[in-house]
Amino acid sequence: MATIGPINNNQLLSTTSNTAFANLVVGGGTVIGSDNLSIVTSGLAVLGVHNTSGASIAVIYAETAAATDAYFQVNTSSTARWVFGADASDSNAFVVGDGATVGSNNRLKITTAGIVTVPNAINVGPGTPLSIGSNSFPLQASASNSGNSVAIGINNNSNTANSHAQVTITVGGTSGGDPQIILQGGTNPWSFGSDTSATDLFTIASGYVLGTTNRLTITPAGIVTVPNALNAGSGTMIVPGSNSAPLQASQSNSGNAVFVPISNTSNTANSHAQLLLAVGGTSGGDPKIVMQGGATSWGLGSDTSATNLFTICTGGNLGSNNVLTATTAGEVSMPLQPAFLAYLATSDLDVTGNGATYTLGSGNALTEVFDQNSDFNTNGTFTAPVGGRYNLAAGLQIEQLTSAMTFGSSIIVTSNREMPFFACNYAAIRGVTLAPDLIIVSSSGFFDMDAADTAVVKLIIFGGVGDTADVGSSADARTHFAGYLAC
């Protein structure tokens, strides 16, 4: 071991040979550890390498065999050490670490291709860094900056095409995790990103995990789904548990409408504004609108199970309680519209002729052909279910007329008014040869009726010796009462 005694500042230590010093101590003392060259002093220890030629360089370098590490140590004590150099076991990457050797506690790594990696947490900006032990983020920016933002800026200052500024987040593959961003402002975090377990759906979710509490998803084909309720405007959100509608607008707006507008502000031909409702096919459900105002709901739409009949119904289920249907050919039906037809199947005998008033259905009950909406009674009484204009029609086959029965009248009687028909000399118009002593009279008309008003058919004949005239029956419903709600 060679030792050079205490030296003054700027004292030159030189050699003219390329032979390295072996166990050389500058400043007096003993070799530290296995050092080949030590500078030992109680003051500032400086190793200077100067090249006084302006055209040449001055270099301190560490060189080892190809399979071993070349590095420098910076020690503040025997335990607090920093090391930097080339890690031969990691393709000669330049590394900075804490410890005695490279590769064990790396804090920064730069590959020969220039890729920089910070294996553990790093703090950017003022403030206290987030600790690795409580948070496993490998790169962090943490600061207390009252009234101002703590930001990470990614700027591309070039103003040329394709000079983008972007953040790329990737995972190892489809069996790995999700590339996502988490927003944590209070107790309820939000996350958005690509859900690799669901064919890379773009997902916005409440919570830290995509796929668990999704609030919006978009497929790569552009189909947007809102899995749960969405509130538009102020008020209380309708929760999915009480209403399964995936998209909702709910608001308490006293005295004003809550509405969802669909507006096309272009004032040109074919610039329509429309609402499109579609289902998967003819085996699926019905595209429809359901309106709920109170205890009764209404539905309108296309009934796929009935050759796409346009349908208006009560209850919301097309095909049940239909109120109006229209075929694609334009035929309109109103299955619940009040309408009836009934006829006398058994003759009523000796009911009038000398002033007695006969009411159709008061003897033998009438037989119904149909009674849509069930408003007719077989005793001959029709009861209006709602106020409106009703068309009523009646026909009577009157038999056993005599020459003395010189006046008769048939009448449709409602709660509001009466309409006589065939008020005339029945003896004069009765049949003689083909249908002796028989006439058939009929008439129809419009009547204003209020809800719960009634209508019946009456007959009265005068002049006979007795009430010997009959009201006859026939299979072709010559004696009948019919009607419907017109409007």
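The values are calculated or read from the model by the stated rules, or taken from the named source; none is laboratory data. All values derive from a computational prediction rather than experimental measurement. Heads up, the Cβs are rebuilt from the backbone with ideal geometry, glycines too, and the neighbour counts pull from every protein chain shown.
I'd like to check something: does region 466-481 contain any residue that is closer than 30 Å to LEU324 by Cβ and not in a loop (DSSP other than H, G, I, E, B)? Working first, answer last.
Going residue by residue through region 466-481, those that are closer than 30 Å to LEU324 by Cβ are 477, 480-481.
So of that shortlist, the ones also not in a loop (DSSP other than H, G, I, E, B) come out as 480-481.
Within region 466-481, one or more residues are closer than 30 Å to LEU324 by Cβ and not in a loop (DSSP other than H, G, I, E, B).
Could you tell me which numbered condition ASN267 fails, if it satisfies all but one of (1) assigned by TED's automatic domain parsing to the domain that holds GLY186; (2) modelled with pLDDT of 90 or more; (3) part of a loop (DSSP other than H, G, I, E, B)?
Every condition holds for ASN267 apart from (1).
Which members of region 458-482 meet the condition of being within 58 Å of the chain's Cα centre (by Cα) and on the phi < 0 side of the Ramachandran plot? Break it down stepwise before answering.
Residues of region 458-482 within 58 Å of the chain's Cα centre (by Cα): 477, 480-482.
The answer is HIS480, PHE481, ALA482.
Restricting attention to region 183-197, report how many residues are surrounded by 15 or more Cβ atoms within 10 Å (Cβ to Cβ) and of a type in the set (A, V, I, L, M, F, W, C).
Applying the first criterion (surrounded by 15 or more Cβ atoms within 10 Å (Cβ to Cβ)) to region 183-197 yields 190-196.
Pick out the ones that are also of a type in the set (A, V, I, L, M, F, W, C) and you get 190, 192.
Of the residues in that region, 2 qualify.
Could you please find all residues in region 382-404 being outside any strand (DSSP E or B) and either touching a Lys or Arg at 6+ places or on another chain (Cβ under 6 Å) or not small (Gly, Ala, Ser) (or both)?
Within region 382-404, the first condition is being outside any strand (DSSP E or B), and the residues that meet it are 384-387, 400-404.
Hits for region 382-404 are PRO385, VAL386, GLN400, LEU401, THR402.
So is GLY463 out of contact with any Gly (no Cβ under 6 Å at 6 or more places or on another chain), closer than 22 Å to GLY353 by Cβ, touching a residue at least 12 places away in the same chain (Cβ under 8 Å) and not acidic (Asp, Glu) or not? Walk me through it before giving the result.
Details: out of contact with any Gly (no Cβ under 6 Å at 6 or more places or on another chain): yes; closer than 22 Å to GLY353 by Cβ: yes; touching a residue at least 12 places away in the same chain (Cβ under 8 Å): yes; not acidic (Asp, Glu): yes.
Spelling it out, GLY463 is indeed out of contact with any Gly (no Cβ under 6 Å at 6 or more places or on another chain), closer than 22 Å to GLY353 by Cβ, touching a residue at least 12 places away in the same chain (Cβ under 8 Å) and not acidic (Asp, Glu).
Have a look at THR346, THR352 and point out the one that is farther than 30 Å from THR314 by Cβ, of a type in the set (S, T, N, Q), surrounded by 19 or more Cβ atoms within 10 Å (Cβ to Cβ) and at pLDDT 95 or above.
On the way: THR346 fails: surrounded by 19 or more Cβ atoms within 10 Å (Cβ to Cβ).
Being farther than 30 Å from THR314 by Cβ, of a type in the set (S, T, N, Q), surrounded by 19 or more Cβ atoms within 10 Å (Cβ to Cβ) and at pLDDT 95 or above holds for just one of THR346, THR352, which is THR352.
Tell me yes or no: at least one residue of region 405-414 is outside any strand (DSSP E or B) and either closer than 20 Å to ARG478 by Cβ or of a type in the set (Gly, Ala, Ser) (or both). First the steps, then the outcome.
Let us first name the residues in region 405-414 that are outside any strand (DSSP E or B), namely 405-406.
Of the ones still in play, those that are also either closer than 20 Å to ARG478 by Cβ or of a type in the set (Gly, Ala, Ser) (or both) are 405.
Looking through region 405-414, at least one residue is outside any strand (DSSP E or B) and either closer than 20 Å to ARG478 by Cβ or of a type in the set (Gly, Ala, Ser) (or both).
Condition check: more than 20 Å from ILE223 (Cα to Cα), in contact with a strand residue (DSSP E or B) (Cβ under 9 Å, 6 or more places away or on another chain) and either surrounded by 14 or more Cβ atoms within 10 Å (Cβ to Cβ) or not small (Gly, Ala, Ser) (or both). Does ILE204 satisfy that? Working first, answer last.
Working: more than 20 Å from ILE223 (Cα to Cα): no; in contact with a strand residue (DSSP E or B) (Cβ under 9 Å, 6 or more places away or on another chain): yes; either surrounded by 14 or more Cβ atoms within 10 Å (Cβ to Cβ) or not small (Gly, Ala, Ser) (or both): yes.
No, not satisfied.
Which residue is nearest to the chain's Cα centre (by Cα), if the candidates are limited to region 167-182 and must be closer than 20 Å to ILE204 by Cα and loosely packed, with under 10 Cβ neighbours inside 10 Å? Full working, then the answer.
First, the residues of region 167-182 that are closer than 20 Å to ILE204 by Cα: 167-171, 174, 176-182.
Retained after the next criterion (residues that are loosely packed, with under 10 Cβ neighbours inside 10 Å): 167-168, 170, 174.
Details: VAL167: 30, THR168: 30, THR170: 29, THR174: 27 Å.
So the residue we want is THR174.
Out of the residues in region 400-412 that are buried (at least 22 other Cβ atoms within 10 Å of the Cβ) and touching an Asp or Glu at 6+ places or on another chain (Cβ under 8 Å), state the one that is farthest from SER442 (Cα to Cα).
Filtering region 400-412 down to residues buried (at least 22 other Cβ atoms within 10 Å of the Cβ) leaves 401, 405, 408, 410, 412.
Among the residues that remain, those that are also touching an Asp or Glu at 6+ places or on another chain (Cβ under 8 Å) are: 401, 412.
On the way: LEU401: 17, ILE412: 10 Å.
Residue satisfying both the conditions and the ranking: LEU401.
Pick out the one residue from PHE370, PHE382 that is at pLDDT 95 or above and surrounded by fewer than 15 Cβ atoms within 10 Å (Cβ to Cβ). Break it down stepwise before answering.
Working: PHE382 fails: surrounded by fewer than 15 Cβ atoms within 10 Å (Cβ to Cβ).
When all the criteria are applied, what remains is PHE370.
Can you report the number of residues in region 275-316 which are closer than 21 Å to ASN373 by Cβ and under 23 Å from the mean Cα position of the chain (by Cα)?
Count: 7.
Would you be able to tell me the number of residues in region 83-98 that are among the hydrophobic types (A, V, I, L, M, F, W, C) and in a loop (DSSP other than H, G, I, E, B)? Let's see the steps before the verdict.
Restricting attention to region 83-98, the residues satisfying the condition of being among the hydrophobic types (A, V, I, L, M, F, W, C) are 83-84, 86, 88, 93-96.
Restricting the remaining residues to those that are in a loop (DSSP other than H, G, I, E, B) gives none.
Within region 83-98, residues that are among the hydrophobic types (A, V, I, L, M, F, W, C) and in a loop (DSSP other than H, G, I, E, B) number 0.
Checking the structure you have, find out if any residue of region 422-429 is assigned to a strand (DSSP E or B), buried (at least 18 other Cβ atoms within 10 Å of the Cβ) and modelled with pLDDT under 95. Even if it seems obvious, please write down each step before you answer.
Going residue by residue through region 422-429, those that are assigned to a strand (DSSP E or B) are 422-424.
Pick out the ones that are also buried (at least 18 other Cβ atoms within 10 Å of the Cβ) and you get 422.
Then keep just the ones that are modelled with pLDDT under 95; that gives 422.
Yes.
What do you reckon, is VAL258 aliphatic (A, V, I, L, M), farther than 26 Å from ALA384 by Cα, part of a loop (DSSP other than H, G, I, E, B) and in contact (Cβ under 8 Å) with a residue 24 or more places away in the chain?
Values: aliphatic (A, V, I, L, M): yes; farther than 26 Å from ALA384 by Cα: yes; part of a loop (DSSP other than H, G, I, E, B): yes; in contact (Cβ under 8 Å) with a residue 24 or more places away in the chain: yes.
Against the criterion (aliphatic (A, V, I, L, M), farther than 26 Å from ALA384 by Cα, part of a loop (DSSP other than H, G, I, E, B) and in contact (Cβ under 8 Å) with a residue 24 or more places away in the chain), VAL258 qualifies.
If you go through region 327-343, how many residues are exposed (fewer than 14 other Cβ atoms within 10 Å of the Cβ) and of a type in the set (A, V, I, L, M)?
Qualifying residue count for the region: 2.
What are the pairs, 6+ residues apart or on separate chains, where a residue within region 128-156 that is more than 16 Å from VAL167 (Cα to Cα) has its Cβ under 7 Å from a residue that is among the aliphatic types (A, V, I, L, M) and modelled with pLDDT of 80 or more?
Partner pairs satisfying both residue conditions: ALA143/VAL150.
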